[in-house]
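A short reminder: the numbers here are calculations on the coordinates, not readings from a lab. Predicted, not measured: the structure shown is a model, and the values here were computed from it. When we count neighbours, we look across all protein chains shown, and the Cβ atoms used for this are built from the backbone with ideal geometry, even at glycine.
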Amino acid sequence: MTLSQIITILIIEDNEDNLIIAREILSRAGYRVLVARDGDAGLGLACNHRPDLILMDMYLPGKDGYETTRLLKSEMITQDITVVAFTALAMAADRQRAKAAGCAGVIIKPIDVDTFAQTVASYLDPKTTFRREMNQPEPMTALAEFRDQLRLSHDLQAPLRKIQQSCEFMRQSALQDMSEENRRLLGIIERSSHQMLAVLSKHFHLPQ
Ligand code: MN
């Protein structure tokens with residue numbers, strides 16, 4: 001009970017939004033969460049950390065989720081790890097294909113923040129639950145708030161990037177026609193928008 005008190009979940013997912021939301025929900029539910037953005041990185045983490053569960057996006061750059069799952073299931077060190085397909089495609093044929101690759105089941109995207117942690121928990125080996133009880137999960141009510149913050153952050157990002165693009169355009173096309181004072185003001189707008197994006201990125205771990 002000393003080395004492995006906390007259940008580890010590996011998320012292999014290339015969509016940044018899904019990754020952020022899934023990681024946040026599972027961390028708050030008390031799990032240790034590892035993330036990979038492609039199959040090869042996921043294989044490496046799976047071998048090194050032997051997670052209790054892997055959430056596998058089926059459409060990844062490079063090796064897709066099916067191939068990555070087959071490789072996990074063919075290696076002795078990783079073959080016992082439960083792999084759950086994490087996909088927007090949930091037709092019978094898709095489920096069948098995921099199962100044939102070695103997945104224990106399917107969790108549907110988009111993520112339902114109210115049920116996701118419980119759905120993931122249903123795939124965990126009951127033997128591992130005693131370890132989860134040792135964690136101190138944050139109240140799940142915080143998740144709705146987090147989801148709203150995430151949405152707000154995304155809504156702010158688009159106009160901020162437009163401001164930056166406009167500044168860059170002005171810098172390239174009109175700088176020589178601008179007065180000293182207007183150049184100074186352009187610099188202020190640029191720095192301010194960079195600062196705001198940096199705050200968002202830091203707070204939500206968003207890609208730059
Ligand atoms: Mn994908």
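For this structure, a couple of remarks:
- Helix 141-174 and the longest principal axis of the C-alpha atoms of the chain enclose an angle of approximately 40°.
- The chain: angle of helix 180-204 to the longest principal axis, Cα-based, in degrees nearest 10: 10 degrees
- Length-normalised contact order for the chain - Cα pairs under 8 Å, 6+ apart - percent: 20 percent
- Our estimate of slack between Gln157 and Glu181, defined as 0.36 nm per intervening residue step minus the Cα-Cα distance, is 5.9 nm.
- Geometric descriptor of the chain, per residue, is 155 Å³ (volume of the convex hull of the Cα atoms).
- The packing ranking of peptides 158-170, 176-188, highest mean first, is 158-170, 176-188, where packing means the average number of other beta carbon atoms within 10 angstrom of each residue.
- For the chain, the 222 nm mean residue ellipticity estimated from helices alone, with every DSSP H stretch of n ≥ 4 adding -39500 (n - 2.57) and the total spread over all residues, rounds to -17500 deg cm²/dmol.
- For Ile11, residues with placed amide H under 5 Å, excluding near neighbours: Leu34, Val35, Ala36, Leu55
- Take each peptide in 48-57, 92-101, count the other Cβ atoms within 10 Å of every residue, and average; sorted highest first, the result is 48-57, 92-101.
- Against the main long axis of the alpha-carbon atoms of the chain, helix 65-74 sits at an angle near 40°.
- Partners for Lys109 among aspartates and glutamates (Cα-Cα distance below 17 Å; same-chain residues under 8 apart left out): Glu13, Asp14, Glu16, Asp17, Glu24, Asp57, Asp64, Asp94
- Estimated FRET transfer efficiency when R0 is 22 angstrom, pair Asp80-Ile108 (beta carbons, to 0.05): 0.35
- Whole-angstrom gap from region 145-170 to region 1-65, using each part's C-alpha centre: 27 Å
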